[in-house]
Amino acid sequence: MEQVKQAFCNAAKRADAAGFDAIEIHAAHGYLISSFLSPVTNKRTDEYGGSLHNRSRYLMELLEVVRAVWPQNKALLLRLSATDYLPGGIDIHETIEVVNKAKDFIDIAHISSGGIAQAPIKVFPGYQIPFAQAVKESCGIPVIAVGHIRTKEMVEEILANGRADLVALGKEQFRNPNWVIHTAWQMDQPYEWPDIYHEAYGRKY
């Protein structure tokens, strides 16, 4: 566990040296930190298992040491699964507690869901937005919404109504890597596209 914490710190230092402006600690979707947080997978009987305080202990330790080596003027994000969608699993109420515990170390919470084990999930465009909205309203820090967000109209609705502060596009950008630049062009928004794109995006006609 100490070696893994040191590996996270080393990665943060490399990201800083490489010029990145932000890093994200991935504590969702069944990865290592997620497996500590979820009662579905965390069956430990020591100080890292049992209560939410104990299950979140390793995450807090990791955030503390990473924050110590990551510049204060650069953003540190935390990605969490808001719910496991399983009986006895983590839920939005526990996720809100985790974010409130973590917000001294992080700048933005990136709220996803699921991934710890197979679960019945009703997936539809924007299905995870209420989780992000709940964290934003309860924790008072910026949040990122994610989850089958596909259109500029959806993005505008989320941001304009204050349901989240940022929107993440995953699969949509796999399908269309130029989604952001093309949407900016459609909406007459300024965008610093590469010089080679000026003929395509510099003017509408």
Fill in: Residue-span extension gain [THR151 to ALA117] - 0.36 nm each, minus C-alpha spacing
9.3 nm
Discussion item. Rounded to whole Å, give me the distance from the Cα center of segment 153-172 to that of segment 8-51.
Written reply: 25
Worksheet entry | Sites matching GluC sites (Glu not before Pro) across segment 159-199 that sit in DSSP coil, with at most 12 neighbouring C-beta atoms within 10 Å | GLU192
Worksheet item: Under 17 Å from the Cα of LYS103, which lysines turn up, not counting those fewer than eight places away in the same chain?
Response: LYS74, LYS136
Item to complete: Would you please calculate the Kirkwood hydrodynamic radius of the chain over all C-alpha pairs and express it in Å, rounded to one decimal?
Response: 18.4
Response to the item:
So the carbon and sulfur contribution to the accessible area of the chain, 1.4 Å probe, in percent, is 53
Practice prompt. Starting from the Kirkwood radius over alpha-carbon pairs of segment 121-173, derive D by Stokes-Einstein at 20 °C in a medium of 1.002 mPa s and give it in µm² s⁻¹.
Written response: 194
Response to the item:
note: segment 1-78, Cα-Cα separations exceeding 20 Å make up a percent value of 34
Response to the item:
Per GNM of the chain with C-alpha springs under 10 angstrom, the most fluctuating residue out of ARG14, ARG67, ARG55 is ARG14
Item to complete: Can you pull the one-decimal nm distance between simple spin-label points at ALA15 and ASP195, each 7 Å off the Cα toward Cβ?
Response: 3.2
Fill in: FRET efficiency, HIS26 to ASP188 (Cβ-Cβ, R0 35 Å, nearest 0.05)
0.50
Worksheet item: Taking the chain as a Gaussian network, where each spring joins two C-alpha atoms under 10 Å apart, which residue of ILE158, ILE181, ILE116 fluctuates the most?
Response: ILE181
Worksheet item: Quick one: net charge of LYS101's neighbours, Cβ under 14 Å, K/R +1, D/E -1?
Response: -1
Discussion item. If I stretch the segment between ASP165 and VAL69 completely, what's the gain in nm (0.36 nm per residue apart, minus their alpha carbon distance), one decimal?
Written reply: 32.0 nm
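The values are calculated or read from the model by the stated rules, or taken from the named source; none is laboratory data. Note that the structure is a prediction, hence the values are computed from the model and not measured. As a convention, Cβ positions derive from the backbone with ideal geometry for all residues, glycine included, and neighbour counts pool all protein chains shown. Areas reflect the complete protein model, heavy atoms only, side chains present, ligands, DNA and RNA absent. Shrake-Rupley method; radii C 1.70, N 1.55, O 1.52, S 1.80 Å.
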